[in-house]
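The values are calculated or read from the model by the stated rules, or taken from the named source; none is laboratory data. Fair warning: this is a prediction, and the values are worked out from it, not measured in the lab. Every residue, glycine as well, gets a Cβ built from its backbone with ideal geometry; the counts of neighbours run over all protein chains shown.
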Ligand SMILES: Nc1ncnc2c1ncn2[C@@H]1O[C@H](COP(=O)(O)OP(=O)(O)O)[C@@H](O)[C@H]1O
Ligand SMILES: [Mg+2]
């Protein structure tokens, strides 16, 4: 029974389903199990609360923003209005990005997933948009994942790599008691002292908010959130070709 409790706690940390866990065994073990279940409830409630609050805030901000946009449209040809309109559009764009993320979070259940197939899917989609990408799968990789969330996470990394580099290579295999996915590119990379900051929401290194370079700065934030919700970690370093290496480690 205490081993089952340990396994349930471990699974919960990896974001896996522990709903069929039942307290059993000696009084002390049962008490610990009951405390574990209460803790699990509280953590789950907190996650829901956080998601609800953030999506509520994003949602409510949309109304005044739309109003501002309409009012700005009436001041055409006034100095500075174009800049203001661009700022309002950007804020809308940021809110949409956040809302899309908040909506998908929390509801998806983990399911046994063929990670190789998932990676082929993601890589295929980015390839179709015109970048050659190498994919190297070292073994058959299968583990419980929230497939849509995880797909989004890997897509964010691969899209970044394809945006900043010419050559992208994705590799996955077992490393000890974990599965590792690396995404390498040969772009400009990220200076070491910025590698923590790029995970912050809406943080972007590009000085120009060039719409061509895509996102609003939520890509890595979401990617890390998803990996952590599976009990894993995501690390940035320099790739062998001088660009960025993103490394996802998932405990088995
Ligand atoms: N592969 C990469 N090479 C160089 N810089 C990158 C790479 N991936 C991300 N970055 C930098 O990190 C910032 C944050 O990335 P991300 O969270 O995906 O946001 P977004 O793609 O929306 O800008 C990017 O704006 C960019 O400056
Ligand atoms: Mg991105």
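Considering the range 161-183, and only residues there that are within 16 Å of ligand 2 (Cβ to nearest atom) and crowded, with 22+ Cβ neighbours inside 10 Å, the residue that is nearest to residue 116 (Cα to Cα) turns out to be 170. Taking the range 44-77 as the range and being outside any helix (DSSP H, G or I) and at pLDDT 85 or above as the test, the residues that pass are 74, 75. For the range 136-151, a tally of residues being in a loop (DSSP other than H, G, I, E, B) and either within 11 Å of ligand 1 (Cβ to nearest atom) or buried (at least 19 other Cβ atoms within 10 Å of the Cβ) (or both) returns 2. Of all the listed residues (158, 122, 154, 126), the sole one being more than 15 Å from the chain's Cα centre (by Cα), part of a helix (DSSP H, G or I), within 29 Å of residue 55 (Cβ to Cβ) and within 16 Å of ligand 2 (Cβ to nearest atom) is 126.
State all residues of the range 218-233 that are free of Cβ contacts under 8 Å to residues at least 24 places away in the same chain and within 22 Å of residue 96 (Cβ to Cβ); if no residue qualifies, say none.
Here is the first cut: in the range 218-233, the ones free of Cβ contacts under 8 Å to residues at least 24 places away in the same chain are 221, 228, 233.
Selection gives 221 alone.
In the range 214-228, the residue that is nearest to residue 192 (Cα to Cα) out of those that are buried (at least 20 other Cβ atoms within 10 Å of the Cβ) and away from ligand 1 (no atom under 12 Å from the Cβ) is 227.
Within the range 1-41, can you find the residues that are touching a helix residue (DSSP H, G or I) at 6+ places or on another chain (Cβ under 7 Å) and either over 20 Å from residue 251 (Cβ atoms) or without any contact (Cβ under 8 Å) to a residue 24 or more places away in the chain (or both)? If the condition is that a residue be touching a helix residue (DSSP H, G or I) at 6+ places or on another chain (Cβ under 7 Å) and either over 20 Å from residue 251 (Cβ atoms) or without any contact (Cβ under 8 Å) to a residue 24 or more places away in the chain (or both), then 1, 2, 18, 21, 23, 24, 25, 29, 32, 33 are the ones that fit. Within the range 5-25, the residues that satisfy the criterion of being surrounded by 12 or more Cβ atoms within 10 Å (Cβ to Cβ), in a loop (DSSP other than H, G, I, E, B) and within 27 Å of the chain's Cα centre (by Cα) are 14, 15, 16, 17, 18.
Among the residues of the range 101-119, those that are in a helix (DSSP H, G or I) and surrounded by 15 or more Cβ atoms within 10 Å (Cβ to Cβ) comprise 101, 102, 104, 115, 116, 118, 119. Out of the range 230-246, which residues are buried (at least 19 other Cβ atoms within 10 Å of the Cβ) and within 13 Å of the chain's Cα centre (by Cα)? Scanning the range 230-246 gives 230, 232, 234, 246.
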